[in-house]
Structures are given as structure tokens and as C-alpha cells.
Amino acid sequence: MANTVTIGGMFGEKDGKIHTYFIDSPVVIDISGLYWGNPVTSPFTVVRVEVIYQDVVVGKFKADTGGQTSISFDISSALRTIWSDYRYVSELFAAKGCTAVSRLYRDYSLKVYTEYMASDDGGVPTKTGFGPFTGGRCAIGSLTPLERSTVGAKENADISYLDGRNPRNGDASNKPTGSPERVGRNSITSWVDVKDSGTKSAFFSADTEADPNEQDSMEAHAPLVLRDTQDYVDFLFLNRRGAIETCSGLTKEAMNIDIDVKQYAKVERPSFIPSRSLMAIGTDGRRSWQMSSGYVTREWAEWWTTEFLGGKRKQWWMRYPLGDANGTYVPVVVEPAKKSINIYDRSKQQMVHVDFTVTLALEG
């Protein structure tokens with residue numbers, strides 16, 4: 001009987017390197033070398049897989065192979081559990097101080113169990129365990145379907161696939177490189193990258209200049225920005241590749257404060273004949289602002305729409321009070337001003353702008 005199975009696919013070491021995969025993309029492992037007796041006579045051939053993080057089982061998967069000696073599982077749901085406790089406080093604090101912060105990848109292991117009924121086992125299933133298999137590693141983020149489609153084999157769809165794609169902003173960013181980024185006078189901007197040990201974000205004041213002699217050094221690099229004299233508001237948001245990224249929105253001349261007043265029936269006691277009076281209770285309401293990307297190129301408009309507004313993870317923070325360089329980043333909800341945004345129209349030659357509404361996401 002075979003005494004081992006092999007784990008392949010998107011797991012472990014390949015070509016001398018530990019590969020790392022995004023948890024919001026499919027992470028498919030291949031299990032081969034399964035044994036079901038000789039010849040195969042079992043009415044069931046079950047494989048069970050456990051995903052283990054810090055000695056705790058965070059995910060269980062099972063399937064009947066139908067007698068096949070190999071099978072595949074998508075374990076991305078278990079990998080998302082590994083990162084479910086992560087909080088972004090340290091990264092927000094680093095952004096306020098214009099410093100750098102690293103987020104290390106998280107390691108996990110696998111255990112595999114087989115179960116089948118042999119012809120000579122007297123009705124007792126044969127159960128075998130394999131592992132643990134170490135060398136799994138994962139990170140917050142995802143690849144787009146287009147990016148995944150350009151990868152030759154699923155085993156190579158790891159973070160290192162992004163090496164060198166965005167030389168100005170790092171491979172954890174999708175910011176355009178063809179034109180400057182508009183920011184306010186007191187804004188910060190980011191440089192985010194994926195490294196061998198994890199994701200690293202560096203934050204800079206808007207007037208920081210890059211050292212031309214150290215283009216390969218992230219700490220010495222500053223994205224190309226254009227400081228604007230108009231009023232801009234700084235945002236931090238979680239982009240599709242799991243990095244905290246910055247942008248500056250232009251405040252338009254509009255602010256909305258919603259206040260709801262509700263009426264309740266109030267019973268006055270004591271009384272021989274209960275009487276009712278109306279009592280109005282005003283809620284705190286919510287404060288929202290109308291904002292815009294400002295006039296930008298079509299390339300930047302697409303980034304604002306797909307990355308900032310349409311990001312999968314939907315987490316934003318805004319520096320508040322507005323315009324205060326020492327303000328605190330508070331959670332907000334960002335919604336497009338329109339359901340559809342016309343980015344490309346050959347009949348119009350002017351630049352485009354992306355409008356959105358920002359609402360404080362604070363309770364109490």
C-alpha cells in the first residue's frame with residue numbers, strides 16, 4: 001500500500017521558492033497518489049483535507065473521488081478565515097505619521113485523510129492520515145479574472161507574478177503611471193509593494209521628492225504627484241490586492257446633514273383615564289459630503305471607478321476634520337453619485353471627473 005500522497009497545485013515550495021497566494025482568489029490544491037486497494041473494490045473512496053493555522057483547524061473539505069487517484073480542492077474559504085482577525089489600525093497609524101509598515105504573510109499547513117472499504121477488512125473502513133504538509137502561505141487580496149487568465153498555469157498565479165508590473169507605485173497598487181496624481185497641499189501619498197516576506201506600505205508627504213539614484217529603494221521613492229491649491233480631502237482605502245492605499249478627493253460645494261424626527265404615542269400615568277400625547281425624538285442623523293476626483297485623464301477615471309469606488313473589500317477611511325493635516329482617519333462609506341459613469345466618449349474631448357458621496361460610518 002502506498003504510504004504517501006503528494007500535494008501540488010497552488011501550495012508550498014516550487015523552484016526553491018515558497019509561493020504566496022491571495023485569499024480572495026481561488027487557491028486550488030491538487031492531491032495525487034491516493035490508494036484505494038488493489039484492485040479498487042471499495043464502494044466509497046473519501047478524501048478529507050484539513051487546513052491548519054497555528055495548530056488550529058480553520059477549514060475542512062471532503063469529497064468522494066469515485067476511485068480516482070487524484071482530486072483538487074479550492075481552499076480559499078479557509079484561507080480567508082486565517083485573516084479574519086486582522087485589523088488595520090497599525091497601517092492607519094503609519095499613514096498618519098508618513099512612515100512605512102509591513103504586513104507579514106501567514107503560514108498554514110495541510111493534513112490529508114483517506115477512507116475506503118477494502119474487500120478483506122471485514123466491513124471496517126480503512127482510514128489513513130498523511131501530513132502535516134507545511135509550506136503554505138497566503139496574503140490578503142486578489143487577482144482580477146483577466147490577470148488570472150494571463151497566467152500560464154495555476155501553480156504560477158502567486159504574488160510573485162506581479163513582479164515589476166508597476167514600477168512607480170509598486171505591484172500592490174493599480175494606480176496609473178502615465179500621468180501625475182493630484183493631491184492637496186497637506187496630503188499624503190502611498191507606495192505599496194509585495195515583497196518576499198509580506199506586503200509593505202510606505203506613506204509620504206505630498207512634497208516628498210524621489211532620489212533618482214535610488215529608484216529601486218522603496219523608502220527613497222515617492223510617487224509622481226501634483227500638489228493642488230484647491231481643497232482636497234485625504235482618503236485611505238483597502239484596494240483589491242489587500243494594501244492600504246491613498247487618494248485625495250476634491251470637496252465640492254455641498255454638504256448634507258440628515259436629521260430624522262419620529263413621533264411616538266406616550267401614555268401618561270397615573271391616570272384614571274389613560275391619555276396620550278405625542279413626543280418627538282430627534283435622531284443624530286448622518287453627515288455626508290459631495291466629492292469628486294476632479295478633472296482627470298481617462299486612465300485615472302477608470303482607476304477611481306474600478307479601484308476606489310468599486311473595490312471588492314469596501315473599506316474606506318477619511319481624514320477628519322476635513323483639511324486638518326493632523327486629523328484622524330475615521331471610517332466612512334463611499335457611494336458613486338451615479339449608477340453609471342461615462343468614462344470614454346469619442347464625441348467629447350474634455351477630461352472627465354468621477355463624483356461620489358461620502359458618509360461618516362460612525363454610530364453613537
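Taken together, the values in this text are just the output of simple stated rules run on the coordinates, not laboratory data. Because the structure is a prediction, the values reported are computed rather than measured. Backbone-built Cβ (ideal geometry, glycine too); neighbour counts: all protein chains shown.
Computed quantities for the displayed model
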{"read-out": "Greater than 29 Å apart at Cα, pairs in LYS96/LYS252; LYS60/LYS96; LYS96/LYS314; LYS96/LYS175", "value": "LYS60/LYS96"}
{"read-out": "Under the Karplus curve 6.51 cos²θ - 1.76 cosθ + 1.60, θ = phi - 60°, whole-Hz ³J(HN,Hα) for the range 48-59, x wherever Gly or Pro sits", "value": "10, 10, 10, 9, 10, 10, 6, 6, 10, 6, 9, x"}
{"read-out": "Length-normalised contact order of the range 1-77 in % [C-alpha pairs under 8 Å, at least 6 apart]", "value": "33"}
{"read-out": "Rg/Rh ratio calculated on Cα atoms of the range 1-122 (Kirkwood radius)", "value": "1.13"}
{"read-out": "Cut-off 10 Å between beta-carbons: net charge of the residues surrounding HIS19, Lys and Arg +1, Asp and Glu -1", "value": "-1"}
{"read-out": "Mean separation of Cα contacts under 8 Å, 6 or more apart, over the residue count of the range 40-192: relative contact order %", "value": "20"}
{"read-out": "Loop-located trypsin sites (Lys or Arg not before Pro) in the range 45-93 whose Cβ has at most 15 other Cβ within 10 Å (DSSP)", "value": "ARG87"}
